[in-house]
Amino acid sequence: LMTPIDTSVLVNSQYRTITTKKGRVHAAIGYTARYAAAVHEASGRGKGKPRENGNGLYWSPDGEPKFLEKAGDNHKAEIDHAVYEAMKI
């Protein structure tokens, strides 16, 4: 929900994987868009200001810098529970 949206390329490039290999569970979440890291690390300056190209606002209303990191922090209990459940397998 905190992923900034301009053209939807970034948000649509999100991936989530869960694999089990040799009795170990590996989970990953990320983005394949080349610029994802730059957007993640951006300061968010200009939030709420109209874009010159007419594509809405800089940093859509729910978009935030460090969007992936904050999502992990905000859902830590759910992630911990999922890991706990996966380890019971």
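The values are calculated or read from the model by the stated rules, or taken from the named source; none is laboratory data. Every value quoted in this text rests on a predicted model; they were computed, and no experiment measured them. Positions of Cβ are generated from backbone atoms using ideal geometry, with glycine treated the same way; all protein chains shown enter the neighbour counts. For accessibility, only protein heavy atoms count, side chains too; no ligands or nucleic acids. Shrake-Rupley method; radii C 1.70, N 1.55, O 1.52, S 1.80 Å.
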Members of region 45-68 found to be assigned to a loop (DSSP other than H, G, I, E, B), of a type outside the set (D, E, K, R), open to solvent by 70 Å² or more (accessible area, probe 1.4 Å) and farther than 12 Å from Pro4 by Cα, listed by number: Asn53
Residues that are free of Cβ contacts under 8 Å to residues at least 40 places away in the same chain, over 20 Å from Leu1 (Cβ atoms) and not basic (Lys, Arg), drawn from region 21-37: Gly23, His26
Qualifying positions in region 63-87 - under 17 Å from Ala36 (Cβ atoms) and of a type in the set (D, E, K, R): Glu64, Lys66, Glu69, Lys70
Residue check, Ala86 under 19 Å from the mean Cα position of the chain (by Cα) and on the phi < 0 side of the Ramachandran plot: no
Region 1-14 residues that are of a type in the set (S, T, N, Q), paired with ones that are at pLDDT 90 or above and loosely packed, with under 14 Cβ neighbours inside 10 Å (beta carbon under 7 Å, 6 or more apart): Ser13/Thr32
Residue check, Leu10 in contact with a His (Cβ under 8 Å, 6 or more places away or on another chain), surrounded by 12 or more Cβ atoms within 10 Å (Cβ to Cβ) and either among the polar types (S, T, N, Q) or at pLDDT 85 or above (or both): no
Residue match in region 61-69 (condition: at pLDDT 90 or above, within 19 Å of the chain's Cα centre (by Cα) and under 30 Å from Arg24 (Cα atoms)): yes
